[in-house]
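Inspection log for the structure reproduced underneath, given as structure tokens.
The values are calculated or read from the model by the stated rules, or taken from the named source; none is laboratory data. Only a predicted model underlies this, so the values are computations on that prediction, with no experimental measurement involved. Note that we place each Cβ from the backbone using ideal geometry, even for glycine, and neighbour counts take in every protein chain shown.
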Amino acid sequence: MTSEFPIYRRVVRRSLHRSRSAAVIVALVLASLGLAWIGTEAVLAAISAAPLLLTPEQIVEALEKPGVIAIATAAVLAVIGLVLAIAPGRRARHEIPDARMAVIVDDGVLAGALSKAAVRDSRLPESRVSTVVSRRSGAVTVVPTSGTLLNAPAITRAVTGVVESLDPRPQLRVAVAVSERGVVGS
Amino acid sequence: MTRSNRIVNRVLLALVGLAFLTVAAWIANRYFAAVDVWAITVPETQWLWIAASTCLVLIVLAVVWIATRGGGRARTLVTATDDEGHGSIEARVAADLIADDLERIPDIVDVTARAFRVSGRIVLELVVTTRRAADVRLVVDSVGRAVASLDDVLATRIPVLLHVASGVRANLAHGQRVR
């Protein structure tokens, strides 16, 4: 994107990806609770007081004679942590090039815009047109009125026109599907 | 758009994941005994105190990390100093100016503005909530015009991030009837 502010690249990248702050906060809260419990048991054992749940001896014993459930739980938590650390964490948003601003559009809004174009061209009620936008593709589904013909190429042109006017990044390939079975009514 | 360090966030998640992986490997090894690792012995009092202090330090670090998330907000958008004094404009004022300009665009339900400090620069983040089926080109162009008049008012050009969002309110708002 050409623009007057080099900072936009950073701003857009941060808007298109999750910060993982929520995941980190959950992980750290859970880890803190676990550590707080272990710490408390350690202090209670050190001052020879009664344990909350288990004494350190019992914890060690449990670790030395584990069950399959313990292994599976630890493995699942490990996989969750590693996946969250490595996965790209993209948000369902697209960037739209603009000379003055950095522009980010939710995929739901893009889907609405494509639906609107299809509704305008087909003159069908809004409820008959639905659109799903993913990272690289947009799928518009139109349900015609029984006994009437829909001009599918014209709808495709209208929808493609909207995509071209917006030029979302990553680029969207749109497909218009006319449902085989129509419905009765206006 | 907060200042949270995303790489550190991911490193922390990887560390937590690796810690659990180590625990899983350790207890799986106890179960199937593939490799000979040393056994954990019942700790002595001295080690109990060390374990408790380590836990306390880690908890404090975790709480500090959690409490410092989401920084980078700025109240002031522009400050200017000239012979007559020192003036500043808050982000809220910019939001009001933009919202006034966009009031007549039917597709726009709501406009909010926040200022963020990103690598030393103030960035104005505009979140524009639209109706479900909005003409996005029209919305973007309208906001562009509003920002152009904001440039005139501020007599300077600040970086603007426009986020066109579909909110809960947008879904509740009645869609325009199109014939």
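Against the numbered list (1) of a type in the set (Gly, Ala, Ser); (2) more than 7 Å from every other protein chain (Cβ to nearest Cβ); (3) within 24 Å of A:ASP167 (Cα to Cα), B:ALA165 comes up short only at (2). For the range A:95-111, the criterion of being more than 8 Å from chain B (Cβ to nearest Cβ), surrounded by fewer than 17 Cβ atoms within 10 Å (Cβ to Cβ) and in contact with a strand residue (DSSP E or B) (Cβ under 9 Å, 6 or more places away or on another chain) is met by at least one residue. The residue list A:ASP98, A:ASP121, A:ASP167 contains one member that is over 21 Å from B:VAL143 (Cα atoms), touching a residue at least 24 places away in the same chain (Cβ under 8 Å) and of a type in the set (Asp, Glu), which is A:ASP121.
Conditions tested, residue by residue: (1) more than 21 Å from the chain's Cα centre (by Cα); (2) surrounded by 17 or more Cβ atoms within 10 Å (Cβ to Cβ).
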residue	(1), (2)
A:VAL12	no, yes
A:SER15	no, yes
A:ALA22	no, no
A:LEU28	yes, yes
A:SER32	yes, yes
A:ALA45	yes, yes
A:VAL60	yes, no
A:ALA85	no, yes
A:PRO88	no, no
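Kindly check whether there is at least one residue in the range B:97-113 that is over 28 Å from B:ARG137 (Cβ atoms), outside any loop (DSSP other than H, G, I, E, B), at pLDDT below 85 and in contact with a strand residue (DSSP E or B) (Cβ under 6 Å, 6 or more places away or on another chain). For the range B:97-113, residues over 28 Å from B:ARG137 (Cβ atoms), outside any loop (DSSP other than H, G, I, E, B), at pLDDT below 85 and in contact with a strand residue (DSSP E or B) (Cβ under 6 Å, 6 or more places away or on another chain): absent.
Restricting to the range A:125-150, what's the tally of residues that are farther than 15 Å from A:ARG181 by Cα, assigned to a loop (DSSP other than H, G, I, E, B) and not basic (Lys, Arg)? Selection size over the range A:125-150: 2. A search for C-beta distances below 6 Å between a residue of the range A:125-136 that is among the polar types (S, T, N, Q) and any residue that is at pLDDT 85 or above and assigned to a strand (DSSP E or B), counting only pairs 6+ apart in sequence or on different chains, returns A:SER130/A:THR141; A:THR131/A:VAL140.
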